Amino acid sequence: MLPLDRYPKEITLRDGACVTFRPMVREDVAPLWDFFKRISPEDRMYLREDVAKRVEVERWARDLDYDAVLPILAFCGGFVVGDATLHRNRTGWKQRVGTVRILISPDFRHRGLGTAMIRELRHLGEKASLHYLLAEVIEEQQAAVRAFEKLGFERMSVLRNYVNDQKGNLHNLVVLLYPMSDADEEVLY
Amino acid sequence: MARKTSRTGKGPFAPDPGGYCPTCGLETGEHRGKPTGEKRACPYEGLAYPELRAGHDRIYFGPWRKMNAGPADVVRAYNQIGRHLNSIERVLGGLDLPAARRDHLKAVEACRLGDPREDSQEALRFMDNALSYAHRVIDDLLHERGFPSHAPMEFAEWYDAVEVPFRDEW
């Protein structure tokens, strides 16, 4: 069980804007749906789920299970401006690997919010006793790749033409891995 | 954290134009870019962790990274990095920040490998890595208190450094 007593957490961005981080709750369907509507169709093409459907967001809210997926939302002025999720497996061979996904509102990009959200997930990953955090980013999203690398994620591979967007175009996928507390020791055995 | 007492710890800090800055701990002469009249203002005043920011920036903008750096510049910077890492360690103290703690360990290890007094071909690279890890720890500390990351280039003019019109942030 992750300790969530650090939330709500106030974060000031470099330009002075204040955002609040907190875990998503069931009542967040409307602001989260509004957030996804502000994501351009081009950006939505890179997402795994079809967030153009409100029913999908409603399903997330209904099935919230922080031990499996912990969504941290960034709010500013009542609007969701960022969504960072930490995905974990309770059992199995990847139970020590957390997967992180981050989506930032277009008007909050290049302001340090993405970096702050990566930092937040890195902290949560450490507290969850994970050994690795995994991030997968479309190669075109270079700012995101650099932000992950700046915070210690290592580029493990670039999978050529590995994923397709919703129009069917193929894209390279960058796989980044962040080794955590006990990862190095475990690898030795 | 502002230094409340003198370096000897025997009383309130007495401002001294030739001494140490009560805010960031640097020698006041190092705030050479923007003297405000007779008073030399500290660019880190009012910011969180001013001494760590200043400790980082004096190394970051130091002569050891310039093309014409001599061996003495490099050794001086190496010693500064060691002291800087000690300062960070003191601040990290009992804080529950495992990622920051591990980055600090990486910084210490890089610093150990980068001793320029040994015959290390890669001393500069290791020193640079140590400083970079240290920067990450400072940013973790700032994030924990809800502040934005430390951006050295915002203080470049105080160190006679050339501003780079580029910011890479997500």
Checking A:Arg111 against (1) open to solvent by less than 30 Å² (accessible area, probe 1.4 Å); (2) under 16 Å from B:His143 (Cβ atoms), which test does it fail?
(1)
Report yes if B:Arg112 is more than 14 Å from chain A (Cβ to nearest Cβ), part of a helix (DSSP H, G or I), open to solvent by 70 Å² or more (accessible area, probe 1.4 Å) and closer than 19 Å to A:Glu149 by Cβ, otherwise no.
no
Leading residue by the ranking (surrounded by the most Cβ atoms within 10 Å (Cβ to Cβ)) among those in the range A:34-78 that are in contact with a Ser or Thr (Cβ under 7 Å, 6 or more places away or on another chain) and of a type in the set (Phe, Trp, Tyr):
A:Phe35
Can you say whether A:Val81 is touching a residue at least 60 places away in the same chain (Cβ under 8 Å), crowded, with 18+ Cβ neighbours inside 10 Å and more than 10 Å from every other protein chain (Cβ to nearest Cβ), as far as the supplied structure shows?
yes
I'd like the full set of residues that are within 8 Å of chain B (Cβ to nearest Cβ) and among the polar types (S, T, N, Q), limited to the range A:104-135.
A:Thr115
Scan of the range A:139-170 for residues that are surrounded by 18 or more Cβ atoms within 10 Å (Cβ to Cβ) and more than 10 Å from chain B (Cβ to nearest Cβ), ordered by number:
A:Phe153
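The values are calculated or read from the model by the stated rules, or taken from the named source; none is laboratory data. What you see is a predicted model, and the numbers here were worked out from it, not measured in a lab. All Cβ positions, glycine included, derive from the backbone under ideal geometry; neighbour counts span all protein chains shown. Remember, those area values only see protein heavy atoms, side chains included, never the ligands or the DNA or RNA. Shrake-Rupley method; radii C 1.70, N 1.55, O 1.52, S 1.80 Å.
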